[in-house]
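The values are calculated or read from the model by the stated rules, or taken from the named source; none is laboratory data. Remember, it's a predicted structure, so these values are computed and weren't measured experimentally. Note that we place each Cβ from the backbone using ideal geometry, even for glycine, and neighbour counts take in every protein chain shown. With ligands, DNA and RNA removed, areas are computed over all heavy atoms of the protein, side chains included. Shrake-Rupley method; radii C 1.70, N 1.55, O 1.52, S 1.80 Å.
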Amino acid sequence: MEQAIAAALKAGQEIMKIYESEDFDVETKEDDSPLTRADRAAHDIIVKKLEEGEDSLPILSEEGSSISYEERKEWGEFWLVDPLDGTKEFLKKNGEFTVNIARIRDGKPVFGVVYAPALEDLYVAVEGKGSFKLTSVLRPEWGKKATVLPALPAAGDTARIVASRSHMSEDTKEFIGDLEMTYDSVETVSAGSSLKFCLVAEGVADYYPRYAPTMEWDTAAGQAIVELAGGSVGVANSIHSLTYNKEDLHNPWFLATRG
């Protein structure tokens, strides 16, 4: 797990060099999403660092996702990586982008690290231990500042919702409308990338409805952070959690809740 944390931190440092240089070298992928020099550099760093680990688990990364299901379906355990989640936020220069690394075992995330390099915030979740937030992580003393999640209490009769800054769908607006009929008040905050999961895990938000397309690498690390903090990430209108290493790597619509 320390190898994955080190990989996320090192990738984040390289991302920030490119972020500050503004030499992004942007391409457009087949799904019309942007791809930058930072995505590619972070991918290379993470893969190299994880391959140095003693367990030599397979790696499925957004920027190296052409591995066939025939090969993947034999994986009982593997790393699932989004080298730069929130590329649109990266290009907008609002700081709300993350490095996501999850460890998947039998279709379930059992470890997750979400690193927001522009904010210097690191979220880590380990099965059997819980979820934690560390701030100012590039300082020598960062390891002494872990906060157990959730860090904030529930807000009583107020529903706090975090929604995507780039993907506010009509279904999401409908979900918010339903809550407005149930709670005395509803507060909505926008955030980019997997930080939305982290806000739920912290207790800043109670709900993160995602009724818009996502891929497995977008959600695995964030799901680990939420679930190991005592929350849930379930398929919308279902009792089932999101699962991983499906033949189709697209996720169904889902709802993350703090409890």
### Query
Using the C-alpha gyration tensor of segment 27-136, what are the square roots of 5 times its eigenvalues, in whole angstrom, with the largest one first?
23, 20, 12
### Query
In nanometres, what is the gap between the two model label sites at D178 and S241, each 7 Å from Cα along Cα-to-Cβ?
2.2
### Query
Solvent-accessible area per residue for the chain at a 1.4 Å probe radius, Å²?
46
### Rounded Å value of the spacing that divides the Cα centres of segment 103-153 and segment 171-232
17
#### Entry: Convex hull volume per residue in cubic angstrom - Cα atoms of segment 45-99
91
### Message
Could you tell me how many cubic angstrom of Cα convex hull volume segment 90-129 has per residue?
### Response
62
### Query
What translational diffusion coefficient, in µm²/s and rounded to a whole number, does the Stokes-Einstein relation yield for the chain at 4 °C and a viscosity of 1.567 mPa s, taking the hydrodynamic radius as the Kirkwood radius over Cα pairs?
71
### Query
What percentage of the solvent-accessible surface of the chain, computed with a 1.4 Å probe over protein heavy atoms, is contributed by carbon and sulfur atoms?
47
### Task
With a point put 7 Å past each Cα toward its Cβ, work out how far M1 is from A151 in nm, to one decimal.
1.9
### Query
With respect to the cross-link table entries K29/K246; K17/K88; K29/K92; K92/K129; K48/K196, which display a Cα-Cα separation exceeding 24 Å?
K92/K129; K48/K196
### Task
Let me know the Rg and Dmax you get for segment 161-259 when you use only its Cα atoms, in Å.
12.6, 42
### Query
If you take the charge dipole of segment 102-225 about its Cα centre, with +1 on Lys and Arg Cβ and -1 on Asp and Glu Cβ, which of T214, G128, L199 is farthest toward its positive end?
G128
### Message
Using Cα-Cα distances under 8 Å and only pairs 6 or more residues apart, what relative contact order does the chain have, in percent?
### Response
17
### Query
Cα-based Rg (one decimal) and Dmax (whole number) for segment 100-214, in Å?
15.6, 48
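Within segment 61-92, which GluC sites (Glu not before Pro) sit in a loop by DSSP and count at most 16 neighbouring Cβ atoms inside 10 Å?
E74
Which longest uninterrupted range of the chain lacks any trypsin sites (Lys or Arg not before Pro) assigned by DSSP to a loop state (not H, G, I, E or B) and surrounded by at most 14 other Cβ atoms within 10 Å?
146-259
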